[in-house]
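Asker: Would you mind keeping the following structure in view while I ask a few things?
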Amino acid sequence: MEGEDWIMGKEGFKEEYRLRVELFQKRLKEKELEGALIFQPADLFYLAGTSPEGHLFVPPEGEPRLLVYGEVERAQEEAVWNPVVPISSFKEIPLSLADWGFKGLKRLGTEMDIISLKLFSRYQALFPDCQWEDISPDLRTLRMVKSASELEAIRYSASQHAKVFQYIREHIRPGMTELEIAVEVETYARRLGHQGRVRFRGQEQGLPIGVVAAGPNGACGIGVPWTIGGRGLSGLYPMGASTRRWETGEPLLVDYAGVYGDYLVDQTRVYFAGQVDRILERAQAVAYEIACSLAEAARPGTTAGELYALAVKQARQAGLADYFMGWDRKAGFVGHGVGLELNEWPVLAPGQETVLEPGMVLAIEPKFVFPGQGAVGVEDTYLVTQEGAKPLTQG
């Protein structure tokens with residue numbers, strides 16, 4: 001089945017979008033808000049089926065309305081909610097809402113986890129008497145549990161991504177540079193329909209769609225508290241593949257997000273060329289053991305923090321705690337939600353009290369980093385069920 005068959009926003013999914021909006025509106029009423037202005041692309045898509053340059057106004061009751069700068073025809077074609085209202089100026093937002101019957105708004109919500117100071121200042125100027133609240137946690141919480149249609153889309157990405165990792169096993173070899181391997185991987189993935197981009201919530205970081213890290217490059221710091229990032233090609237973008245060759249006796253870590261349609265999966269595999277240091281082999285085996293334990297324990301009622309604690313306990317029992325999830329500045333998590341974005345909730349991190357529910361989709365990624373030698377580990381995308389987390393990714 002082609003990737004476009006899974007693109008959300010079709011007429012047959014309108015009832016699902018209606019349910020999403022109603023659940024979000026319930027949150028607005030609980031906060032006693034008169035509406036919310038949504039602008040972040042993934043949130044726009046989740047609630048409206050399209051992500052144009054513009055704003056989605058969600059009232060406490062009734063259908064939302066899209067205010068769009070240009071590309072109106074495309075927005076009308078893709079959007080679940082109509083009419084789509086064209087605007088040519090930021091100043092038209094309150095005028096358009098007033099025409100719709102929403103005047104003198106006093107309490108509004110927006111996505112304060114990612115809004116810039118400049119944009120927020122403009123909102124404040126447009127609605128000078130308004131009190132603003134952060135509705136990002138509400139949206140991110142709603143997005144944690146995937147619907148049947150979302151799970152189908154994720155399964156499709158997983159099935160396509162399995163072909164990529166099969167291709168890797170058949171086509172990579174020692175002596176190739178990280179960049180040559182990345183070109184092989186990404187070219188083949190694009191032929192399968194990979195979007196070529198990965199949505200990541202937060203500040204722009206020049207995020208690549210994946211990482212190829214050979215030997216010591218697996219232990220490079222990248223300026224953000226992630227486990228693996230690679231060296232990259234420049235100091236401006238210190239992530240991803242470099243021109244370093246993969247040599248015999250070294251681990252090669254390949255970590256790629258698969259986005260075939262709208263929803264993504266996250267997957268990591270490590271390849272050994274020849275005989276590697278025994279501690280790397282042992283750490284790789286322990287990483288698989290931790291992943292299996294977390295998948296077994298990831299049942300409804302378990303908290304995200306409990307899974308993290310279990311992972312750390314196993315790493316400590318194996319005598320590898322000093323290298324678990326980094327060796328200098330460690331990553332403060334061992335897994336995360338995935339969906340429209342790479343870093344969705346819940347986060348498997350210390351003290352996180354989010355309780356797992358059926359339908360959550362998690363990337364579980366226990367990894368070990370050894371300075372001067374590289375990184376090993378595993379990552380797969382799982383679906384939380386009553387019997388534990390079941391793997392969606394393969395290969």
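Asker: Only one residue in Gln160, Gln195 is within 20 Å of the chain's Cα centre (by Cα), open to solvent by 40 Å² or more (accessible area, probe 1.4 Å) and modelled with pLDDT of 95 or more. Which one? Spell out how you get there, then give the answer.
Answerer: On the way: Gln160 fails: open to solvent by 40 Å² or more (accessible area, probe 1.4 Å).
Step by step, each of Gln160, Gln195 is checked, and only Gln195 is within 20 Å of the chain's Cα centre (by Cα), open to solvent by 40 Å² or more (accessible area, probe 1.4 Å) and modelled with pLDDT of 95 or more.
For (1) open to solvent by 10 Å² or more (accessible area, probe 1.4 Å); (2) at pLDDT below 95, each residue gets a yes or a no:
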position: Leu253; (1), (2): no, no
position: Val265; (1), (2): no, no
position: Gly274; (1), (2): yes, yes
position: Ile279; (1), (2): yes, no
position: Arg282; (1), (2): yes, no
position: Ser293; (1), (2): yes, no
position: Glu296; (1), (2): yes, no
position: Pro300; (1), (2): yes, no
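Asker: Every residue in the range 302-311 that is among the aliphatic types (A, V, I, L, M) and either open to solvent by 30 Å² or more (accessible area, probe 1.4 Å) or within 21 Å of Ala158 (Cα to Cα) (or both), please. Walk me through how you get there before you give the answer.
Answerer: Kept after step one, since they are among the aliphatic types (A, V, I, L, M), are these residues of the range 302-311: 304, 307, 309-311.
Answer for the range 302-311, where residues must be among the aliphatic types (A, V, I, L, M) and either open to solvent by 30 Å² or more (accessible area, probe 1.4 Å) or within 21 Å of Ala158 (Cα to Cα) (or both): Ala309, Leu310.
Asker: Look at Gly175 and say whether it is more than 19 Å from the chain's Cα centre (by Cα), touching a residue at least 60 places away in the same chain (Cβ under 8 Å) and open to solvent by less than 50 Å² (accessible area, probe 1.4 Å).
Answerer: yes
Asker: Go through the range 240-251 and report how many residues are surrounded by fewer than 23 Cβ atoms within 10 Å (Cβ to Cβ) and either closer than 10 Å to Gly377 by Cα or out of contact with any Asp or Glu (no Cβ under 9 Å at 6 or more places or on another chain) (or both). Don't jump to the end; show me each part of the working.
Answerer: Filtering the range 240-251 down to residues surrounded by fewer than 23 Cβ atoms within 10 Å (Cβ to Cβ) leaves 242-245, 247-249.
Still in the running and either closer than 10 Å to Gly377 by Cα or out of contact with any Asp or Glu (no Cβ under 9 Å at 6 or more places or on another chain) (or both): 247-248.
The total comes to 2.
Asker: Just give me the residues in the range 91-116 being hydrophobic (A, V, I, L, M, F, W, C), under 20 Å from Glu34 (Cα atoms), out of contact with any Asp or Glu (no Cβ under 8 Å at 6 or more places or on another chain) and surrounded by fewer than 16 Cβ atoms within 10 Å (Cβ to Cβ), in sequence order. Let's see the steps before the verdict.
Answerer: Initial filter on the range 91-116 (hydrophobic (A, V, I, L, M, F, W, C)): 93, 95, 97-98, 100, 102, 105, 108, 112, 114-115.
Now restrict to residues that are under 20 Å from Glu34 (Cα atoms): 93, 95, 97-98, 100, 102, 105, 108, 112, 115.
Narrowing the set further to residues that are out of contact with any Asp or Glu (no Cβ under 8 Å at 6 or more places or on another chain) leaves 93, 95, 97-98, 100, 115.
Within the range 91-116, Leu95, Ala98, Trp100 meet the criteria.
Asker: Still on this model: Collect the residues in the range 99-112 that are more than 17 Å from Leu56 (Cα to Cα) and at pLDDT 95 or above, keeping them in residue-number order.
Answerer: So in the range 99-112, the residues more than 17 Å from Leu56 (Cα to Cα) come out as 104, 106.
Across the range 99-112, the qualifying residue is only Lys106.
Asker: Follow-up question, since we're still on this one. Take residues that are under 30 Å from the mean Cα position of the chain (by Cα), in contact (Cβ under 8 Å) with a residue 12 or more places away in the chain and under 30 Å from Val361 (Cβ atoms) and tell me which of the strands (runs of 3 or more DSSP E) falling wholly in the range 77-151 contain 2 or more.
Answerer: 107-110, 131-134
Asker: Take the residues in the range 323-347 that are out of contact with any strand residue (DSSP E or B) (no Cβ under 6 Å at 6 or more places or on another chain) and modelled with pLDDT under 95; name whichever of them is farthest from Val259 (Cα to Cα).
Answerer: Asp328
Asker: If we scan the range 334-354, do we find a residue that is over 27 Å from Gln166 (Cβ atoms), buried (at least 24 other Cβ atoms within 10 Å of the Cβ), of a type outside the set (A, V, I, L, M, F, W, C) and within 17 Å of the chain's Cα centre (by Cα)?
Answerer: yes
Asker: From the list Val259, Val224, exactly one residue is at pLDDT 95 or above and either within 24 Å of Gln373 (Cα to Cα) or in contact with a helix residue (DSSP H, G or I) (Cβ under 7 Å, 6 or more places away or on another chain) (or both). Which is it?
Answerer: Going through Val259, Val224 in turn, just one is at pLDDT 95 or above and either within 24 Å of Gln373 (Cα to Cα) or in contact with a helix residue (DSSP H, G or I) (Cβ under 7 Å, 6 or more places away or on another chain) (or both): Val259.
Asker: When you look at Ala213, is it within 22 Å of the chain's Cα centre (by Cα), under 22 Å from Met144 (Cα atoms) and open to solvent by less than 20 Å² (accessible area, probe 1.4 Å), yes or no? Give the derivation first.
Answerer: Numbers: within 22 Å of the chain's Cα centre (by Cα): yes; under 22 Å from Met144 (Cα atoms): no; open to solvent by less than 20 Å² (accessible area, probe 1.4 Å): yes.
The answer is no for Ala213.
Asker: Just give me the residues in the range 319-348 being within 16 Å of Ala375 (Cα to Cα) and assigned to a strand (DSSP E or B), in sequence order.
Answerer: Phe324
The values are calculated or read from the model by the stated rules, or taken from the named source; none is laboratory data. Note that this is a predicted model, so its numbers are computed, not measured. Methodologically, a virtual Cβ is constructed for each residue, glycine included, from the backbone with ideal geometry; neighbour enumeration extends over all protein chains shown. Accessible surface is based on the protein model in full, side chains and every heavy atom, while ligands, DNA and RNA are left aside. Shrake-Rupley method; radii C 1.70, N 1.55, O 1.52, S 1.80 Å.
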